Amino acid sequence: MAAQDVAIKASSDTLFSGSSRASRRNMGQFIRWALLFSGGVLMVMPIVFMLSTSLKFPFEVYNLNLIPEEPTIENYTYVLEDGRFYHWFWNSLIVATLTTISAVFFDALVGYALCKFRFPGRYLIFIAILSTLMIPTEMLVIPWYLMSKSFGWLDTYWGIMFPGIMTAFGTFLMKQFFETVPDDFLEAARIDGLNEFQIWWQVAMPLVRPALAALAIFVFLGNWTAFIWPLIVTNSADMYTLPVGLSSFGDEVDVAWELIMTGAAISTLPTLVVFLVFQRFIIRGVVMAGLKG
């Protein structure tokens, strides 16, 4: 009987211990999901408030209710009928697209060279490129402006784009991904008679497509939403990008927040579409770059 009692007690202790661990595990999962949900709500609320304000009349703008008392689409009609909005949209599209193409090309080229070629000082060059990430954009504005003025780039597409034609982050990202490309593939391509540019373009680049897609998305979104530099380098309304144009539009209509939020809501749609379609590339690119780093 004593042995049976000991066995029953041990079995009950095991069951209690197992249920206790399961309870702690469930509590941990609940806390994690609660934190994730809270973070998601905090990130989504500005977008919800923007959409809510875009559906309000001017007298209701300063009412912080998320659901408008009298919803209206007149703000969207007004903004879309204004020809300046399409012009600013087109300027942003040109700048973001061309800058993205340039950054992806040069970042991949430099990252490949720093990764696969052995030459004196390549680590110093890589460190120098990465060190530029520590310099705030505000500190570079004056040199950029003086350079643009001396070369006659003010109020031009090139003046808006040239600071972003190559990025330090993109160079780092591509270098980390090219580390995953086996050198044997490159040597085989050299034996087949391909020159170095052909090896980079035909062999290495197809193997790092997730990084290229992630970099393209990052660069496009960054240039689409850029405000400080386009504001400084442009003088005429015809050269305004969308963020700059919306701010000046607000000034002209005596800070009509409902119209500004309407323009912002429309301009956000392309970025949301890009992110929803290619978010898996962003996640994979960031994760793999972090693992390689």
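The values are calculated or read from the model by the stated rules, or taken from the named source; none is laboratory data. Everything numeric here is computed off the predicted structure, so don't read it as measured data. Here the Cβ positions follow ideal geometry from the backbone for every residue, glycine too, while neighbour counts run over all protein chains shown. In case anyone asks, the SASA skips ligands and DNA or RNA and just uses the protein heavy atoms, side chains included. Shrake-Rupley method; radii C 1.70, N 1.55, O 1.52, S 1.80 Å.
Over region 90-201, Cα pairs under 8 Å with separation of 6+ residues give a relative contact order of 47 percent. Quick test of the membrane-span-like rule: which DSSP H helices of the chain reach at least 24 Å along their long axis (C-alpha atoms) with mean Kyte hydropathy at least 0.0? For the chain, where a helix must reach 24 Å along its axis and average at least 0.0, the hits are 2-54, 83-116, 257-292. Listed peptides 85-92, 158-165 appear in the order 158-165, 85-92 once ranked by packing, highest mean of other Cβ atoms within 10 Å at the front. Solvent exposure of the chain amounts to 60 Å² per residue of accessible area, where only protein heavy atoms count and the probe is 1.4 Å. For the chain, the fraction of 1.4 Å probe accessible surface lying on carbon and sulfur atoms is 71 percent.
For the chain, excluding the exposed loop sites themselves (GluC sites (Glu not before Pro), DSSP loop, at most 16 other Cβ atoms within 10 Å), the longest remaining stretch covers 180-293.
With +1 assigned to the C-beta of every Lys and Arg and -1 to the C-beta of every Asp and Glu, and no other charges, what is the dipole magnitude of the chain about the Cα centre in debye, to the nearest 20?
In debye, rounded to 20, the chain gives about 1480.
Only Cα sites of region 160-203 enter the Debye sum here, all with the same form factor; the resulting log10 I(q)/I(0) across q = 0.14, 0.16, 0.18 1/Å is -0.46, -0.56, -0.65, listed in q order.
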